[in-house]
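The values are calculated or read from the model by the stated rules, or taken from the named source; none is laboratory data. Predicted model only: the values in this text are computed from it and were never measured. Cβ atoms come from the backbone with ideal geometry, glycine included; neighbour counts cover every protein chain shown.
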Amino acid sequence: MNLHLPGKLNRALTALLCALLLTGCSRTDSAAQPDLSTTTQTDSSLQIVATIFPPYDMARSISGGRAQVRMLLKPGEETHSYEPTPQDILAIQHADLFLCVGGENDVWLDNILKSMGEDAPPVMRLVDLVDLVAEEEKEGMTSRGYHEEAHAEHDHEDHGNEEAQEEHDHEAEIDEHVWTSPSNAIAITEAIAEKMAELDPAGAALYRSNAAAYVEEISGLRDDFARLIENAPRKTLVFGDRFPIRYFVEEFGLDYYAAFPGCAEDTEPSAATMIYLIETVKREKIPVVFSIEFSNGAIADAIAEASGAGRMTWQTCHNVTRAQFEAGETYITLMRSNLDALKAALYGEE
Ligand SMILES: [Zn+2]
């Protein structure tokens, strides 16, 4: 479970209340945040608000400058500790289209949208656009709730049923990182483009043609991944970190080991997890241990050091840094950088 949820929700609702008290129901420009908008057009253009980087990047690419596209998360901000400001909530309310991920990490949004009543914008949730898989607890992982349950470990057997139920709940959690698979990214881009075309028919031809170009790039990247993986001597990835790329490995038939499932809140792996990952890396002569962006990489570093493997970063694309944002990085350039990392991980030095 997301342990930060109640606090996040309370703060969000308080922020909403403050925002409404301060501004009444009038449209104000306080929702504008020029540094993250792709245009400086007037309010008459289609206004799209996205929570995180992938749908933001897709919408701005489809828009080609015609729509005003804004990301709530600031570059460099960690997705899972994001908290909405009053301006963010106003931006959602004033949007013509609101793009969010859905799933566990977006539960707080449902209440905000509900509280907006008829003023709530049309919402697209990425998890509604593709086939979903549940988060998976693989052998060796530190499972969700490990630290809470650890103190009761000695009477584990007395609570067999409860524990089993708990375990079941954990396993049943939907993995919301749908954008990490290129095929999903294509489906999501096409769906966003169709929605934008419906909301702004005069821009439909432009949106569809921009979407087609973006999809073609992702499709080329997908082919490159497939070719690389098909000929690889290894098919296993090791993440000394959380594991938000289940959709990616599912798409290409890769196996994996990781410290935690999904984007678990845990940051301390169990000793058993560390031993398991180090021994797996040694036994299978895995050349690279991954960490993910916006992680301190400490677990991956420790595994790499103990096993003699290298360490690299996998771009899960939750967000970009300020420098990457200013350098014009896109979902596609980030995913393409994973191609080099994947080559090192599957082929090694030889
Ligand atoms: Zn995540």
Check: Just one of L199, L221 is crowded, with 16+ Cβ neighbours inside 10 Å and touching an Asp or Glu at 6+ places or on another chain (Cβ under 7 Å); which is it?
Finding: L199
Next item on the list: Restrict the check to segment 101-119 and report whether at least one residue is modelled with pLDDT under 90, within 30 Å of D223 (Cβ to Cβ) and within 16 Å of the ligand (Cβ to nearest atom).
Entry: yes
Item checked: Qualifying residue in segment 111-125 (condition: over 30 Å from A271 (Cα atoms), part of a strand (DSSP E or B) and not hydrophobic (A, V, I, L, M, F, W, C)) -> yes
Notebook entry, point to check: From the set of residues in segment 311-331 that are crowded, with 16+ Cβ neighbours inside 10 Å and away from the ligand (no atom under 16 Å from the Cβ), which is farthest from T79 (Cα to Cα)?
Noted result: R311
Note to self: Any residue that is modelled with pLDDT under 95, within 16 Å of the ligand (Cβ to nearest atom) and among the hydrophobic types (A, V, I, L, M, F, W, C) - is there at least one of those in segment 278-290?
What the structure shows: no
Notebook entry, point to check: If you scan segment 65-93, which residues turn out to be in a strand (DSSP E or B) and either over 25 Å from F294 (Cα atoms) or within 16 Å of the ligand (Cβ to nearest atom) (or both)?
Noted result: Q68, M71
Next item on the list: Tell me, please, whether a residue that is in a helix (DSSP H, G or I), within 16 Å of the ligand (Cβ to nearest atom) and outside the structural domain of R336 (by TED's automatic domain parsing) can be found in segment 39-54.
Entry: yes
Check: Wholly within segment 159-254, which helices (runs of 4 or more DSSP H) include no fewer than the required count, namely at least 2 residues that are of a type in the set (A, V, I, L, M) and either modelled with pLDDT of 95 or more or within 16 Å of the ligand (Cβ to nearest atom) (or both)?
Finding: 182-199, 204-230
Notebook entry, point to check: Would you pick out the residues in segment 267-293 that are more than 17 Å from C317 (Cα to Cα) and either of a type in the set (K, R) or within 17 Å of the chain's Cα centre (by Cα) (or both)?
Noted result: K282, R283, K285
Check: For segment 282-337, which residues satisfy the criterion of being of a type in the set (A, V, I, L, M, F, W, C) and in a helix (DSSP H, G or I)?
Finding: A298, I299, A300, A302, I303, A304, A306, A323, F325, I332, L334, M335
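Every residue, every condition in (1) touching a helix residue (DSSP H, G or I) at 6+ places or on another chain (Cβ under 9 Å); (2) among the acidic types (D, E); (3) under 10 Å from D241 (Cα atoms), yes or no:
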site	(1), (2), (3)
A259	yes, no, yes
T267	yes, no, yes
S270	yes, no, no
I278	yes, no, no
V288	yes, no, no
N296	no, no, yes
Q315	yes, no, no
Q324	yes, no, no
